[in-house]
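First up is the structure itself, then whatever we jot down about it.
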Amino acid sequence: MHNSRLLQLFEHLREQEFRELKQFVRSPFHNQREDVVQLFDFLRRNRDRALQPEQLFAAAYPGRPFDARQLTYVQSYLLQVIEEYFTISEMRKDTAQRQLLLVRSYRRHGLEAGFRKQVRRLQRTLQVDERGNLAKHHVRYQLAMEEYDLQKNRRRDASLNLHYPTEQLDIFLLGSRLRQACTMLAHERLSEVHYQDSLLTHLIAFIEAPEQVSLLEVPAIALYYYCYKSMLEENDAHFQRLRELIQRYRQQFDVEEQLEFYIAAINYGIRQLNQGRREYVRQTFELYREGLQEEVFIERGEISQFNFKNIIALGLGLQEYDWVEQFLHSYKPFLEATNREQNYNYNLAKLYYEKQEFDKAMQLLQEVKYEDVLPNLTAKILLLKIYYELGEKEVLYSFLHSFERLVRRQRRLGYHKQNYLNLILTVRRLLHLNPFDRTASSKLRSNIEGIEALPEKQWLLRQLT
């Protein structure tokens, strides 16, 4: 198929969307071309097959000689129809925005009675809608300005109160700006990009000014403000305030926004854990558990393997073994299909390791073979720990030799390569250590503590106690 965008759409459409599109492409208002209908039906029936351009053309134009240019045209027409369907589908999900557009249409047609009726409907929608998110403040602003636009065109001397729409706009703009600041800061930490944002400094100072204290009583501003503060500063008070606001107001926000709040709080907890603050194990775990109840970690029907592993690691750290086992079985179907079995087996092996059921853990680890090298190396670390704790010194010596050769062969490990080599060297030192030589043990402990890039540092230190 020449049109890769069209192919990608058909690969990701759900069954309900196919059913709706079957009717949509046959609606004369949206499509009047029979070749588009025939091409859509053919692609829908054969979406799991590898198709040649000639087959597509024959489906759209039975009996006609192949014409590559005409095929490109009809594919583009079909793509436009599907994109229009997407636009309308998204609009149908947002009742308030749809009603706002209807209000605007009545105003532009000069039909005040219809305008008033739709304004009342939208006001009822906003009252029933308990959300306090940025989108709702934006709709309130736009609705107030529709009223203003109607009145100013009727009477230039009309008494109009612009304070309310301005207030709603300020909330929307400040909240949106803070949300963008969180996104930029998160991107900086994942990349080498650094953003210059002089305006943000002034906005933060404005929000923090004593005379603007009421702004932090608005959930749409307060949540993003404390998200930003928790990302920027190591301040437990900001984290605790963010937790309180999430628990109090999370139901007022869409799932996408709730996810941003939870991730900001969770990342703060993980940073504290990386600094050795074990009291954050329970707090971070509870944040994940709350988010699971709200289904915020399920995106497009999947849970990321990183969240999956984090949740299990925290649960194991708290010895919540029964909960972890239930979570593993319940959320396995939500793992991305390509590595579903690998991620499930590896994390189940971790559970068995923590329960000291080493035989079960080793059996599962034999089945863990990721396509990417890093997860495979992580699985090997778990196997290393099992051999050590079983006292299988000869097996472990051989394993460390093969593990080191594997690591040294990799050319794309970056800084991870030295991390793994540090671990291998330290385990060898542990194996050679006389456990009754306190001086040597103390020296090795100091050495381990001094190595910044060392996986499983806490586990290594525990072996010296």
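Couple of notes before you dig in:
- Within segment 45-90, the set of residues being among the polar types (S, T, N, Q) and free of Cβ contacts under 8 Å to residues at least 60 places away in the same chain comprises ASN46, GLN52, GLN55, GLN70, GLN80, THR87.
- Residue that is modelled with pLDDT of 95 or more, in the same structural domain as LEU377 (by TED's automatic domain parsing) and not hydroxyl-bearing (Ser, Thr, Tyr), where the choices are ILE451, ILE424: ILE424
- Hey, ALA264 in contact with a Ser or Thr (Cβ under 6 Å, 6 or more places away or on another chain) and within 25 Å of ASP129 (Cβ to Cβ) or not: yes
- Tabulated pairs, segment 160-183, first touching a residue at least 60 places away in the same chain (Cβ under 8 Å), second part of a helix (DSSP H, G or I) and aromatic (Phe, Trp, Tyr), C-beta under 6 angstrom, 6+ apart or interchain: ARG179/TYR224; CYS182/TYR228
- Segment 247-293, residues that are more than 25 Å from LYS457 (Cβ to Cβ) and not in a helix (DSSP H, G or I): PHE253, ASP254
- Output for segment 406-432, where each listed residue is free of Cβ contacts under 8 Å to residues at least 24 places away in the same chain and either in contact with a Phe, Trp or Tyr (Cβ under 6 Å, 6 or more places away or on another chain) or assigned to a helix (DSSP H, G or I) (or both): ARG408, ARG409, LYS417, LEU421, LEU425, ARG429, HIS432
- Residues of segment 406-420 classified as hydroxyl-bearing (Ser, Thr, Tyr) and either loosely packed, with under 14 Cβ neighbours inside 10 Å or not assigned by TED's automatic domain parsing to the domain that holds THR378 (or both), total: 1
Okay, residues lined up against (1) surrounded by 16 or more Cβ atoms within 10 Å (Cβ to Cβ); (2) under 23 Å from HIS109 (Cα atoms):
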{"site": "ALA135", "(1), (2)": "yes, no"}
{"site": "LEU143", "(1), (2)": "yes, yes"}
{"site": "GLN151", "(1), (2)": "no, yes"}
{"site": "LEU160", "(1), (2)": "no, yes"}
{"site": "THR166", "(1), (2)": "no, no"}
{"site": "ASP170", "(1), (2)": "no, no"}
{"site": "ALA181", "(1), (2)": "yes, no"}
{"site": "LEU185", "(1), (2)": "yes, no"}
{"site": "LEU190", "(1), (2)": "no, no"}
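- Among residues of segment 117-134 that are over 19 Å from ARG248 (Cα atoms), those with a beta-carbon under 8 Å from a residue that is hydroxyl-bearing (Ser, Thr, Tyr) at least six positions away or on a different chain give the pairs GLN118/TYR106; THR125/THR95.
- In segment 128-142, the count of residues that are aromatic (Phe, Trp, Tyr) and in a helix (DSSP H, G or I) is one or more.
The rows are residues; the columns are (1) assigned to a helix (DSSP H, G or I); (2) modelled with pLDDT under 95; (3) within 20 Å of GLN16 (Cβ to Cβ).
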| site | (1), (2), (3) |
| --- | --- |
| VAL74 | yes, no, no |
| ILE82 | yes, no, yes |
| TYR85 | yes, no, yes |
| MET91 | yes, yes, yes |
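- Residue in segment 378-390 that is on the phi < 0 side of the Ramachandran plot, surrounded by fewer than 15 Cβ atoms within 10 Å (Cβ to Cβ), modelled with pLDDT under 90 and not in a helix (DSSP H, G or I) present: no
- Scanning segment 21-39 for residues that are in a helix (DSSP H, G or I) and either surrounded by 15 or more Cβ atoms within 10 Å (Cβ to Cβ) or in contact (Cβ under 8 Å) with a residue 40 or more places away in the chain (or both) yields LEU21, PHE24, ASP35, VAL36, VAL37, GLN38, LEU39.
- Some residue of segment 167-188 being more than 26 Å from LEU259 (Cβ to Cβ) and in a helix (DSSP H, G or I): yes
- Screening THR439 against (1) assigned to a helix (DSSP H, G or I); (2) within 29 Å of GLU320 (Cα to Cα); (3) free of Cβ contacts under 8 Å to residues at least 12 places away in the same chain leaves a single unmet condition, (2).
- Test: residue in segment 193-205 that is in a helix (DSSP H, G or I) and among the acidic types (Asp, Glu): no
- Looking only at segment 450-460, and only at residues there that are within 34 Å of the chain's Cα centre (by Cα) and either in a helix (DSSP H, G or I) or of a type in the set (Lys, Arg) (or both), the one that is surrounded by the fewest Cβ atoms within 10 Å (Cβ to Cβ): GLN458
The values are calculated or read from the model by the stated rules, or taken from the named source; none is laboratory data. These figures come from a predicted structure and were not determined experimentally. For neighbour counting, all protein chains shown are included, and Cβ atoms are generated from backbone atoms with ideal geometry for every residue, glycine included.
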